[in-house]
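**Student:** Sharing a structure here in structure tokens format.
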Amino acid sequence: MSKKGIAYGVGVGPGDPELLTLKAVRLIKENEIFAVPGKDPKEAVAYKIAVQAVPELAEKTLVPVDMPMVKDREAIRKQHEEGAKLIEKYLDEGKNVVYLTLGDSTIYCTFTYLQAIMEKDGYETELVNGIPSFIAAASRLNIPLVEWNELLHVVPAVHKTEEPLSLPGTYVLMKSASDMAKVKELLKDSGKDVLCVENCGMENEHVYRSVDEIPDKAGYFSLIIAKNPS
């Protein structure tokens, strides 16, 4: 019986190609099959980041894995099943598959849904961490995220819960740009110092250093850091 390939979920960092890890670069160079979220692999942000660091990626086999952002749970489950089966076809041929994903492969990563299906089907997977967007954003802002015994709260889509940002420590708000006006109101009520990086590490990066500076129509890749007043 021939040995099956391994499915790797590889984080490529938030945008700056210089932030790819050495391990990510090695895996991209050593392998030939790459799964990329979206219908057009070469238009995917993760691909565009990785190919700048490893230009030979452009000559390798790219497999589009459609991962639409829809609310229908059954439709999502079906897409995940189809994506996993698509990758498994290559694994059955003994070929490794590298799934390129933004940021880190363990934080709100689409690969983890496919990973669960593939592992259930008896395939070997491996997560390869990348630099998370909120770590890169703090570095870009030239600030520490937390100091001493401060707490760090990472919250996705805070506008959907409308929970007050009342806990002590630093808040990182991800996936919140779809209703930025509501998020800004929550931030104003919190009394915290607010900073935001939009498209961190990319050509169209923007830095905002107060709540009022953040546009209501900020882009999808907008990350907010809210700290206790200094």
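**Student:** State to the nearest 20 debye the size of the charge dipole of the chain about its Cα centre, where the only charges are +1 on K and R beta carbons and -1 on D and E beta carbons.
**Tutor:** 200
**Student:** Which is the longest run of the chain containing none of the trypsin sites (Lys or Arg not before Pro) found in DSSP loop states (not H, G, I, E, B) with at most 14 other C-beta atoms within 10 Å?
**Tutor:** 72-208
**Student:** Relative to the longest principal axis of the C-alpha atoms of the chain, give the angle of the C-alpha long axis of helix 73-92, reported between 0 and 90° and rounded to the nearest 10°.
**Tutor:** 40
**Student:** Then there is this: Please turn the phi angles of region 45-61 into ³J(HN,Hα) values with the Karplus equation 6.51 cos²θ - 1.76 cosθ + 1.60 (θ = phi - 60°), one per residue in order, whole Hz, x for glycine and proline.
**Tutor:** Here the 3J(HN,Hα) series is 4, 4, 5, 4, 5, 5, 5, 5, 7, 10, x, 5, 4, 5, 9, 9, 7 Hz.
**Student:** Describe numerically, in nm with one decimal, the distance between label points set 7 Å from Cα along Cα→Cβ at Glu203 and at Thr161.
**Tutor:** Modelled inter-label distance: 3.7 nm.
**Student:** Test of the criteria: in region 105-163, which chymotrypsin sites (Phe, Trp or Tyr not before Pro) are in a DSSP loop and have at most 10 other Cβ atoms within 10 angstrom of their Cβ?
**Tutor:** Trp148
**Student:** Between 0 and 90 degrees, rounded to the nearest ten: what's the tilt of helix 180-190 against the longest Cα principal axis of the chain?
**Tutor:** Once rounded, one gets 50 degrees.
**Student:** Right, here's the next one. A 25 angstrom limit on the alpha carbon distance is what I want to check against. Which of Lys160/Lys192; Lys23/Lys175; Lys48/Lys184; Lys29/Lys78; Lys71/Lys160; Lys39/Lys60 exceed it?
**Tutor:** Lys23/Lys175; Lys48/Lys184; Lys29/Lys78
**Student:** When the Karplus curve 6.51 cos²θ - 1.76 cosθ + 1.60 is applied with θ = phi - 60°, which whole-Hz ³J(HN,Hα) does each residue of region 11-26 get, with x for Gly and Pro?
**Tutor:** Listing the rounded values in order: x, 9, x, x, x, 6, x, 6, 8, 5, 6, 4, 5, 4, 4, 4 Hz.
**Student:** Taking every DSSP beta bridge that has both residues in the chain, what percent is antiparallel when rounded to the nearest 5?
**Tutor:** Taking every DSSP beta bridge with both residues in the chain, the antiparallel ones total about 35 percent.
Coordinate-derived values only; no laboratory data. Quantities reported herein were computed from a predicted structural model and do not represent experimental measurements. Don't worry about glycine lacking a Cβ; one is built from the backbone with ideal geometry, like all the others, and counts go over all protein chains shown.
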